[in-house]
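Working notes, structure below.
Nothing in this text is a laboratory measurement; each read-out follows from the coordinates by a stated rule. For clarity, every value in this text was computed on a predicted model and none was experimentally measured. Here the Cβ is made from the backbone with ideal geometry for all residues, glycine too, and neighbour counts use every protein chain on show.
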Amino acid sequence: MLPVLESGEETLIGGQAVMEGVMMRAPHSYCVAVRKPNGELVTEEHPVYRMSEKYPIFRLPILRGLGTLGQAMGLGVRALKFSAHAVLDDGQEKPIEVPAWMMTANILFSLGVMLVLYKVLPLLVATRIGAAVPSLSSRFATNFVDGIVRIVIFLAFLYLISRMKDIRRVFQYHGAEHKVVFNFESGKPVNVETAQTFQTFHPRCGTNFLAVVLGISFLLYLFLPIDGFLPRLAIRIALLPLVAGLSYEVIRFAAKRQGSLMGMLSMPGLALQRITTKQPDDSQAAVAIHALNGAMALEEKQGGELIIA
């Protein structure tokens, strides 16, 4: 799963589901809590900085999204590595550790698969269809078919991985993360019983971000005045930072206007969360709360001002 983008300028708490656990992020701290195979709950906490505070350039629209996304991905990888080590710890004297090179190779492989699935394959299919069907060979038609194929691949991929037992548990922790964030934002005491009363669909979820990325890329690529398979592929890859930055701005804008017409921009992502979030059990909600408490405690130690925007 991609790291969720719930740690923007106005957002106090964000998070990410990991293997048998949850990572929670406050403005200047983060905590990941994981339940080991023996039932023990382990945590890792670290102070972090806001990209906009360390690098003022990331206060600018578009760029602030790229900075937030880059930092979220880095924290997400760190949290995933910690959770993998915890899950593999079977109580032996020397716990099994995942080598750094293996994590790096996995990230590079995942990025390669993403480019093939969502850039190369859709454009290749659209180009082949255009060659076989003259009425679909125009620039506009090719770009339109490319976008439709990309969306179909994305939905099929989400559905297929949701059928996997291990991924389903990650999706349950994803649901637990959202419930606990909702609980915290409500101002009510944060506990398992209260958290379980909230829904698992959150407007600032990374699933929403992916849905907006698909929508913006569909519209943007539709009108690109470029022909030829390789030039089209190159410009799609080159525009990825712009698409990501624009998508962040849309999510940021829509999340502040829930219930309005603009808030409806979150609706496709909220619908997709029926796949990427599942109802957690009480023990999973307790892990998310533990992560939240750890992040908040570290934030307070650093003198962070805890304000819900």
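Are there trypsin sites (Lys or Arg not before Pro) in region 143-201 that DSSP puts in a loop and that have at most 10 other Cβ atoms within 10 Å, and which ones? Display every interim value, and only then the final one.
On the way: sites: Arg150, Arg163, Lys165, Arg168, Arg169, Lys179; in loops: Arg163.
Passing sites in region 143-201 are Arg163.
Under the simplified labelling scheme, the Arg274-Ala234 pair shows an inter-label distance of 4.3 nm, with each label point 7 Å from Cα along Cα→Cβ. Axis angle, to the nearest 10 degrees, between helix 240-255 and the longest C-alpha principal axis of the chain: 60 degrees.
Axis of helix 139-162 versus longest Cα principal axis of the chain: the two differ by about 30°, to the nearest ten degrees.
What's the exposure ranking of Lys188, Lys54, Lys278, going from fewest to most Cβ atoms within 10 Å?
Values: Lys188 13, Lys54 10, Lys278 20.
Result, fewest neighbours first: Lys54, Lys188, Lys278.
Using 0.36 nm per residue and subtracting the Cα-Cα separation, the extra length available between Ala105 and Leu41 on full extension is 20.2 nm. What would the Debye formula give as log10 I(q)/I(0) at q = 0.07, 0.14, 0.15 Å⁻¹ for the alpha-carbon point model of the chain, no solvent? Computed log10 I(q)/I(0) values: -0.29, -1.10, -1.23.
For the pair Leu224 and Arg139, the difference between a 0.36 nm per residue extended length and the Cα-Cα distance amounts to 29.8 nm.
Spin-label pair Ile153-Arg128: with each label point 7 Å from Cα along the Cα-Cβ axis, the two points sit 1.2 nm from one another. Computed from Cα positions, the angle between helix 267-276 and the longest principal axis of the chain comes to roughly 60 degrees. Helical runs assigned H by DSSP (4 residues or longer) give the chain a calculated mean residue ellipticity at 222 nm of -19000 deg cm²/dmol, each run adding -39500 (n - 2.57) before division by the residue total. Note on the chain: with a GNM built from Cα contacts shorter than 10 Å, the maximum mean-square fluctuation among Ala156, Ala79, Ala132 falls on Ala132.
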